[in-house]
1. Give Asn138, Asn66 a once-over and let me know the one that is open to solvent by 100 Å² or more (accessible area, probe 1.4 Å) and modelled with pLDDT under 90.
2. Taking the stretch 27-46 as the search range and keeping residues that are touching an Asp or Glu at 6+ places or on another chain (Cβ under 9 Å) and in a helix (DSSP H, G or I), which one is farthest from Val68 (Cα to Cα)?
3. State which residue pairs qualify: first residue crowded, with 16+ Cβ neighbours inside 10 Å and inside the stretch 1-29, second residue modelled with pLDDT of 90 or more and not hydrophobic (A, V, I, L, M, F, W, C) in any location, beta carbons under 6 Å apart, and separation of 6 or more residues or different chains.
4. Can you confirm whether Thr76 is under 27 Å from the mean Cα position of the chain (by Cα), open to solvent by less than 60 Å² (accessible area, probe 1.4 Å) and without any contact (Cβ under 8 Å) to a residue 24 or more places away in the chain?
5. Within the stretch 84-93, can one find any residue that is within 30 Å of Glu118 (Cα to Cα), open to solvent by 50 Å² or more (accessible area, probe 1.4 Å) and touching a Lys or Arg at 6+ places or on another chain (Cβ under 8 Å)?
6. Residues to consider are Asn120, Asn112, Asn126; find the one that is free of Cβ contacts under 8 Å to residues at least 24 places away in the same chain, open to solvent by 70 Å² or more (accessible area, probe 1.4 Å) and more than 19 Å from Leu1 (Cβ to Cβ).
7. Closer than 30 Å to Met8 by Cβ, assigned to a helix (DSSP H, G or I) and either touching a Phe, Trp or Tyr at 6+ places or on another chain (Cβ under 7 Å) or modelled with pLDDT under 95 (or both), is that true of Arg111?
Amino acid sequence: LYSNMKFMELHLQKNKANLKTKIPEIVKTRDMVLFLQEKAAAEEAVNAHFNLADHLYASAEISDVNSVCIWLGANTMVEYTFEEAIALLDGNLETARTKLTNVNEDLEWLRNQIITSEVNMARVYNADVRRRRQDKMNAESGAAEQAS
């Protein structure tokens, strides 16, 4: 039981770390979509630097943009209008924040359960030590009575 709780704690900590990295990425992506939407509305060009490969970058001037492509993962990229992309990112951000709150609550509950288990294990161990001492003392006193 104790090892299962420690395993669950490790799993929840990994989920928490993933969510803590995912939330800033979603916010950064949302801010970039808003920036591109702003520039498109003002009909201004945007100068961008793209990472093509390790240590290889390309410069480009982006103008007349009305949609963005968002990487969804699993080798999937989807093109959205600005409004659809912002709605998607807002939904993903809210979901990630909710999951982070749930994971924090689960971790807190699990830590309390682990502490309770550790205290109970210590109590059982201490009771066993006391019992062995008492048995040893009883055996010594019984041996001393037989000798006399």
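1. Details: Asn138 fails: open to solvent by 100 Å² or more (accessible area, probe 1.4 Å).
Exactly one residue qualifies, and that residue is Asn66.
2. Initially, the stretch 27-46 is screened for residues touching an Asp or Glu at 6+ places or on another chain (Cβ under 9 Å), giving 30, 37-38, 40, 43-46.
Then drop every residue that is not in a helix (DSSP H, G or I), which leaves 30, 37-38, 40.
Details: Arg30: 11, Gln37: 9, Glu38: 13, Ala40: 11 Å.
Result: Glu38.
3. Close Cβ pairs satisfying both conditions: Leu12/Asp106; Leu19/Lys99; Ile26/Asn92.
4. Details: under 27 Å from the mean Cα position of the chain (by Cα): yes; open to solvent by less than 60 Å² (accessible area, probe 1.4 Å): yes; without any contact (Cβ under 8 Å) to a residue 24 or more places away in the chain: yes.
Taking the combined requirement at face value, the residue satisfies it.
5. Keep residues of the stretch 84-93 that are within 30 Å of Glu118 (Cα to Cα), which gives none.
No: zero hits.
6. Details: Asn120 fails: more than 19 Å from Leu1 (Cβ to Cβ); Asn112 fails: more than 19 Å from Leu1 (Cβ to Cβ).
Step by step, each of Asn120, Asn112, Asn126 is checked, and only Asn126 is free of Cβ contacts under 8 Å to residues at least 24 places away in the same chain, open to solvent by 70 Å² or more (accessible area, probe 1.4 Å) and more than 19 Å from Leu1 (Cβ to Cβ).
7. Details: closer than 30 Å to Met8 by Cβ: yes; assigned to a helix (DSSP H, G or I): yes; either touching a Phe, Trp or Tyr at 6+ places or on another chain (Cβ under 7 Å) or modelled with pLDDT under 95 (or both): yes.
Judged against the criteria, Arg111 is a match.
The values are calculated or read from the model by the stated rules, or taken from the named source; none is laboratory data. Predicted, not measured: the structure shown is a model, and the values here were computed from it. Positions of Cβ are generated from backbone atoms using ideal geometry, with glycine treated the same way; all protein chains shown enter the neighbour counts. We work out accessible area using only protein heavy atoms, side chains counted, and drop any ligands, DNA or RNA first. Shrake-Rupley method; radii C 1.70, N 1.55, O 1.52, S 1.80 Å.
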